[in-house]
Amino acid sequence: MAKTFNQMAEEAMAEVPVINAEEAHQRIEENPDTLVIDPRDAADVAATGMISGAMNISYGALTYQADNELPEDWRNPVFENRSRPIITACEMGPLGALAGKLLKDMGFPNVSILDGGLEAWKKAGYPTN
């Protein structure tokens, strides 16, 4: 049976812990090693900005940059420590949810999804760039 984007996002949010903007901000403040990933395309990030300190790694690139079995020059060193805390966030949440599930499926045990994404972050008054 075919699934829609929203159905896949809902499934991801049922499988990966979801946190609100306040909790995400607190985690980042308490542990500066927390990696925030925005999986949108660069053009989308340029149009809306992203969470300050976040890394823009598109969903497509995430599929191989986080794979520790591919050649080293394909991988991103930010994923070497697989237990590193990671928060995924897109503009409104669904793509961040898919990215969070992807990372969980790839063996990253400490992944959370920012509910409401960048919009929730901005609404809470936290910095963007």
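Quick notes on this one:
- Residue 67 of a type outside the set (Gly, Ala, Ser), in contact (Cβ under 8 Å) with a residue 12 or more places away in the chain and surrounded by fewer than 16 Cβ atoms within 10 Å (Cβ to Cβ): yes
- One residue from 33, 44 being more than 13 Å from the chain's Cα centre (by Cα), modelled with pLDDT of 95 or more, within 16 Å of residue 94 (Cβ to Cβ) and not basic (Lys, Arg): 44
- Residue match in the range 78-85 (condition: under 23 Å from residue 129 (Cα atoms) and polar (S, T, N, Q)): no
- Checking each residue in the range 47-74 for being polar (S, T, N, Q), over 14 Å from residue 89 (Cβ atoms) and either in contact with a strand residue (DSSP E or B) (Cβ under 8 Å, 6 or more places away or on another chain) or at pLDDT 95 or above (or both) picks out 63, 65.
- Candidate set from the range 1-59 (those that are part of a helix (DSSP H, G or I) and of a type in the set (S, T, N, Q)); member that is nearest to residue 78 (Cα to Cα): 26
- Flag if residue 56 is farther than 27 Å from residue 3 by Cβ and not β-branched (Val, Ile, Thr): no
Residue by residue, here is whether (1) exposed (fewer than 15 other Cβ atoms within 10 Å of the Cβ); (2) closer than 22 Å to residue 14 by Cβ; (3) of a type in the set (D, E, K, R) holds:
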site: 51; (1), (2), (3): no, no, no
site: 56; (1), (2), (3): no, no, no
site: 59; (1), (2), (3): no, yes, no
site: 80; (1), (2), (3): yes, no, yes
site: 93; (1), (2), (3): no, yes, no
site: 96; (1), (2), (3): no, yes, no
site: 101; (1), (2), (3): no, yes, yes
site: 128; (1), (2), (3): yes, no, no
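The values are calculated or read from the model by the stated rules, or taken from the named source; none is laboratory data. Keep in mind the model is a prediction, meaning the values are calculated, not measured. Cβ: placed from backbone, ideal geometry, glycine included. Neighbour counts: every protein chain shown.
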